[in-house]
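Novice: Take a look at this one; I'll ask things after.
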There are 2 protein chains.
Amino acid sequence: MKIAIIGPGAVGTAIASVLDTLDVTLLGRQDKVMTFEERDTGERKSIPVKALSSVTTTFDVVFIAVKTHQIDTILPQLKTITHAQSKVILAQNGSGLLPKLEGYDAYQAVVYISGEKQEDKVRHDKDYRIQLKQDAFTEQLKAVISTTALTLELEDNIEKAIWFKLIFNLGMNTLTALSRDTARLLKDDSMLELCKNLLKEGLQVANAEGITYEDSFVDDVIAAYRIFSDESATSMYYDTMNERVTEVEAIQGYIYRQGQKHQLHIPYIETTYTLLAHQNEVRQR
Amino acid sequence: MKIAIIGPGAVGTAIASVLDTLDVTLLGRQDKVMTFEERDTGERKSIPVKALSSVTTTFDVVFIAVKTHQIDTILPQLKTITHAQSKVILAQNGSGLLPKLEGYDAYQAVVYISGEKQEDKVRHDKDYRIQLKQDAFTEQLKAVISTTALTLELEDNIEKAIWFKLIFNLGMNTLTALSRDTARLLKDDSMLELCKNLLKEGLQVANAEGITYEDSFVDDVIAAYRIFSDESATSMYYDTMNERVTEVEAIQGYIYRQGQKHQLHIPYIETTYTLLAHQNEVRQR
């Protein structure tokens with residue numbers, strides 16, 4: 001099984017690293033070498049990156065790990081490196097990009113791998129966990145990677161797993177980015193209340209999509225947030241503080257549009273999504 | 001009529017300048033000299049500032065022109081420089097601070113004077129216009145300043161004038177500060193929609209307070225915003241971009257609390273006020 005990973009960011013480089021005993025190629029804009037470091041142990045290794053544009057061979061499995069707003073830039077090359085039986089796995093934040101992969105046998109993954117990229121260095125913080133819909137192919141993939149440290153969780157209801165992470169991101173990514181504060185913000189009662197209101201609206205949209213959770217869902221998510229230290233932040237916080245474009249369209253934008261589709265009144269999401277989307281527009285001027 | 005102005009900021013220095021043919025003293029933290037410049041003509045003059053703490057004489061009229069969140073710092077000295085018949089005029093943004101002046105004969109002004117302060121220099125942009133409740137004192141004050149370029153508009157219904165400016169500030173101050181963009185943001189249809197929703201909720205609160213406007217009120221405010229050039233910004237925008245504390249409590253906070261008092265559901269104001277208030281908290285850490 002020949003595996004390619006497109007996007008030498010934190011997630012892509014971590015997948016390439018954890019699978020490096022298999023036939024794996026990490027692809028990027030140009031030939032280079034990434035330095036990959038485990039935060040806990042300080043252990044480092046070099047991960048070679050090949051220029052996607054120079055690849056002429058095909059792969060059986062392609063993980064797409066570029067930022068959601070960069071997907072259009074790699075679609076032309078994707079044709080070249082796949083064959084009729086290739087499987088494509090979207091290993092990205094959020095949802096809503098599968099329609100861009102029409103004609104491919106494509107899967108939306110839910111990725112739990114956290115780390116940070118700075119130039120040609122990736123520091124892995126925690127988790128090597130990916131959720132995928134259970135079927136014959138993913139069972140086979142699971143067997144192939146069983147010798148590695150990557151955990152593949154096969155889900156009967158992948159939509160439920162996708163929405164869980166969407167809503168999880170909706171609360172904390174939104175508030176850390178807009179208030180420019182870390183997880184400490186939950187100590188502000190008004191921010192906690194706003195967080196709950198965002199989660200409740202997110203849940204309302206998920207319900208309209210036919211996804212249900214336990215009654216304690218919102219409280220459970222808040223409890224999970226509280227596990228993080230005060231200094232913890234989100235990818236959208238770091239993108240904001242560094243004036244980079246955020247992945248708002250694949251997370252808040254996706255949720256908001258599903259809400260619109262069901263004609264839901266979701267003013268907390270509407271307000272925060274509008275502000276985040278406009279900040280992106282300003283950054284792209 | 002001996003007049004004092006506390007706060008050598010853009011508004012305080014402009015009032016001291018425009019009234020400089022009268023018996024006027026500009027008071028600040030320390031003795032210094034402000035440079036005051038008219039943007040249109042480039043004309044400059046020097047305006048002396050006396051340290052408030054060193055003043056032992058009393059004044060008949062005291063304008064308070066410090067930032068709304070700084071008012072507590074000048075209250076002890078206010079006692080020293082006033083007598084039993086002194087009038088105190090709050091020449092500040094927003095509303096809600098009159099209760100701090102219990103025991104004084106105090107007026108909430110609505111100030112239309114725009115300019116910018118940088119260190120010891122104030123550049124006046126436009127307008128020398130102040131609205132006050134009409135009564136015997138304000139009639140007398142109007143007569144005294146009639147020889148100057150300061151326009152005093154005496155209002156039968158000062159609450160209506162206060163709420164007009166509050167709502168005017170609610171739309172544009174909120175959105176420029178949170179999106180970190182200038183008046184250009186109105187070209188983004190989603191931001192325009194959010195702006196209208198904020199204004200509608202502001203109007204709802206004003207209505208609950210017994211203040212009514214024309215049916216076209218929201219459209220009129222939007223039309224007024226559109227007069228500004230794309231590059232125009234608000235005081236809250238500049239405070240945000242310079243990481244300074246904003247006057248959110250006297251504007252959005254005041255409106256939100258009045259809404260709470262009437263048990264109104266105002267999620268657009270709630271969301272944006274919560275974010276702005278939390279940003280202030282982060283800046284004051």
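The values are calculated or read from the model by the stated rules, or taken from the named source; none is laboratory data. Keep in mind that what you see is a predicted model, and the values were worked out from it rather than measured. Because the Cβ atoms are built from the backbone with ideal geometry, glycine has one as well, and the counts that use them run over all protein chains shown. Calculation scope for accessible area: heavy atoms of the full protein, side chains included, ligands and nucleic acids excluded. Shrake-Rupley method; radii C 1.70, N 1.55, O 1.52, S 1.80 Å.
Novice: In square nanometres, what is the average projected area of the Cα convex hull of segment B:1-130?
Specialist: Working: hull surface 29.1 nm².
Mean projected area of the Cα convex hull: 7.3 nm².
Novice: In bins 10 Å wide, starting from 0, what share of all Cα pairs of the protein assembly as shown does each bin hold, as a percent?
Specialist: Taking every Cα pair in the protein assembly as shown, the percentages come to 3, 15, 22, 20, 15, 11, 8, 4, 1, 0.
Novice: Right, another one. Could you give the C-alpha radius of gyration of chain B expressed as a fraction of 2.2 N^0.38 Å, taking N as the number of residues it contains? Please list the in-between numbers first.
Specialist: On the way: Rg = 18.8 Å, N = 285, 2.2 N^0.38 = 18.8 Å.
Relative to the rule-of-thumb radius for its length, chain B sits at 1.00.
Novice: Give me the distance in nm between label points sitting 7 Å out from Cα along the Cα-to-Cβ direction at B:Tyr238 and A:Leu98, one decimal.
Specialist: In this crude label model, B:Tyr238 to A:Leu98 measures out at 5.2 nm.
Novice: In terms of Cα to Cα distance under 28 Å, which lysines are near enough to A:Lys79, apart from those fewer than 8 places away along the same chain?
Specialist: Answer for A:Lys79, where 28 Å is the Cα cut-off: A:Lys2, A:Lys32, A:Lys50, A:Lys67, A:Lys87, A:Lys100, A:Lys117, A:Lys133, A:Lys142, listed by chain and number.
Novice: Just need log10 I(q)/I(0) for segment B:82-209 at q = 0.13, 0.17, 0.19 Å⁻¹, Debye formula, equal scatterers on the alpha-carbon atoms, no solvent, rounded to two decimals.
Specialist: Per q value, in the given order, log10 I(q)/I(0) is -0.70, -1.07, -1.20.
Novice: Considering only DSSP states other than H, G, I, E and B, which GluC sites (Glu not before Pro) in segment A:37-101 qualify as loop sites with at most 13 other Cβ atoms within 10 Å? Show your work: numbers first, answer last.
Specialist: Details: sites: A:Glu37, A:Glu38, A:Glu43; in loops: A:Glu43.
In loop regions of segment A:37-101 (DSSP not H, G, I, E or B), the sparsely surrounded GluC sites (Glu not before Pro) are A:Glu43.
Novice: Hey, another quick one. Answer with one residue from A:Phe217, A:Thr274, A:Tyr238: the one whose Cα lies farthest towards the positive end of the charge dipole of segment A:202-285, charges on Cβ with Lys, Arg +1 and Asp, Glu -1.
Specialist: A:Thr274
Novice: Same structure, new question: In nm, what does the list of distances from B:Thr58 to its counterparts in the other copies look like, shortest first, when each label sits 7 Å along Cα to Cβ?
Specialist: From this label point to the equivalent ones elsewhere in the assembly: 9.5 nm.
Novice: May I ask for the accessible area buried between chains B and A, both sides summed, probe 1.4 Å, to the nearest 100 Å²?
Specialist: 2200 Å²
Novice: On to the next question. By the gyration tensor of its Cα atoms, with a ≥ b ≥ c the square roots of the eigenvalues, what is the shape of segment B:159-284: rounded for a/c under 1.5, prolate for a/b over b/c, or oblate? All intermediate terms of the calculation are to be shown ahead of the outcome.
Specialist: Working: a/c = 1.79, a/b = 1.14, b/c = 1.57.
Taking the square roots of the gyration eigenvalues as a ≥ b ≥ c, segment B:159-284 is oblate.
Novice: Also, quick follow-up: Enter the mean number of other protein chain beta carbons within 10 Å of the beta carbon of each residue in B:178-184, as an integer. Could the numbers behind the result be given before it?
Specialist: Working: counts 9, 9, 7, 6, 1, 0, 3.
Per residue, the number of nearby Cβ atoms from other chains is 5 on average.
Novice: Please report, for A:Glu119, the nm distances (one decimal) from its label point, 7 Å out from Cα along the beta-carbon direction, to the equivalent points in the remaining copies, shortest first.
Specialist: 3.5
Novice: Can I ask one more? Set Lys and Arg Cβ to +1 and Asp and Glu Cβ to -1, take the dipole of chain A about its Cα centre, and tell me which of A:Gly9, A:Gln263, A:Gly253 lies farthest positive.
Specialist: Toward the positive end, the furthest listed residue is A:Gly9.
Novice: Next question. Inter-copy label distances at A:Gln263, 7 Å along the Cα→beta-carbon direction, one decimal in nm, shortest first?
Specialist: The projected label point of A:Gln263 is separated from its counterparts by 2.9 nm.
Novice: About its Cα centre, what dipole magnitude does segment B:3-156 give when the only charges are +1 on Lys and Arg Cβ and -1 on Asp and Glu Cβ, stated in debye to the nearest 20?
Specialist: On the way: 17 positive and 21 negative charges, 88 e Å.
About 420 debye.
Novice: In degrees, nearest 10, range 0 to 90: what is the angle between the Cα axis of helix A:71-80 and the longest Cα principal axis of chain A?
Specialist: Relative to chain A, helix A:71-80 is tipped by roughly 20 degrees.
Novice: What do you get for GluC sites (Glu not before Pro) in segment A:207-265 restricted to DSSP loop and a cutoff of at most 10 other Cβ within 10 Å of the site's Cβ? If you can, show how the numbers build up before the last one.
Specialist: Numbers: sites: A:Glu209, A:Glu214, A:Glu231, A:Glu243, A:Glu247, A:Glu249; in loops: A:Glu209, A:Glu214, A:Glu231, A:Glu243, A:Glu247.
Hits after loop and neighbour filter: A:Glu214, A:Glu231, A:Glu243.
Novice: Classify segment A:147-208: rounded, prolate or oblate, from the alpha-carbon gyration tensor (a ≥ b ≥ c, eigenvalue square roots; a/c under 1.5 rounded; otherwise prolate if a/b is larger than b/c)? Intermediate results must be reported in sequence, preceding the final value.
Specialist: Values: a/c = 3.58, a/b = 1.58, b/c = 2.27.
The shape class here is oblate.
Novice: For segment A:212-267 and segment B:175-194, what is the separation of their Cα centres, given in Å?
Specialist: Their Cα centres are 22 Å away from one another.
Novice: OK, next. Express in Å², to the nearest 10, the accessible area of B:Ser54 obtained by rolling a 1.4 Å probe over the protein heavy atoms while all chains stay in place.
Specialist: 70 Å²
Novice: Counting alpha carbon pairs within less than 8 Å and at least 6 residues apart, what relative contact order, in whole percent, applies to chain B?
Specialist: Values: 492 pairs, mean separation 43.5, N = 285.
15 percent.
Novice: Determine the shielding of peptide B:186-193 by partner chains: average, over its residues, the number of Cβ atoms on other chains within 10 angstrom of each Cβ.
Specialist: Working: counts 0, 1, 5, 1, 8, 5, 1, 2.
Whole-number average of other-chain Cβ neighbours for B:186-193 is 3.
Novice: Compute the length gained on full extension between A:Thr41 and A:Gln85: take 0.36 nm times their separation in residues and subtract their Cα-Cα distance, giving the result in nm to one decimal.
Specialist: Length difference between fully extended and current span is 11.9 nm.
Novice: What do you get for trypsin sites (Lys or Arg not before Pro) in segment A:1-77 restricted to DSSP loop and a cutoff of at most 13 other Cβ within 10 Å of the site's Cβ?
Specialist: On the way: sites: A:Lys2, A:Arg29, A:Lys32, A:Arg39, A:Arg44, A:Lys45, A:Lys50, A:Lys67; in loops: A:Lys2, A:Arg29, A:Arg39, A:Lys67.
In loop regions of segment A:1-77 (DSSP not H, G, I, E or B), the sparsely surrounded trypsin sites (Lys or Arg not before Pro) are A:Arg39.
Novice: Quick check: Cα centre of segment B:101-167 to Cα centre of segment B:9-24, how many Å?
Specialist: Between the Cα centre of segment B:101-167 and that of segment B:9-24, the gap is 12 Å.
Novice: Might you tell me the accessible area per residue for segment A:159-284, computed with a 1.4 Å probe and given in Å²?
Specialist: Numbers: 4950 Å² over 126 residues.
That works out to 39 Å² per residue.
Novice: Looking at chain B as a GNM with Cα springs under 10 Å, which of B:Leu26, B:Leu154, B:Leu175 has the largest mean-square fluctuation?
Specialist: Its mean-square fluctuation being the largest, the pick is B:Leu154.
Novice: With a 1.4 Å probe and every protein chain kept in, tell me what percent of the accessible surface of segment B:159-284 is carbon plus sulfur. Don't skip to the end; give the middle numbers.
Specialist: Working: 2320 of 4950 Å².
Carbon and sulfur: 47 percent of the exposed surface of segment B:159-284.
Novice: Other chains' Cβ within 10 Å of A:274-283 residues: what's the mean?
Specialist: On the way: counts 13, 13, 2, 4, 10, 4, 0, 8, 7, 1.
For this peptide, the per-residue mean of nearby foreign Cβ atoms is 6.
Novice: Run the dipole for segment A:68-212 about the Cα centre, Lys and Arg Cβ at +1, Asp and Glu Cβ at -1, nothing else charged, and hand back the magnitude in debye, nearest 20.
Specialist: Working: 17 positive and 20 negative charges, 53 e Å.
Taking the Cα centre of segment A:68-212 as origin, the dipole is about 260 debye.
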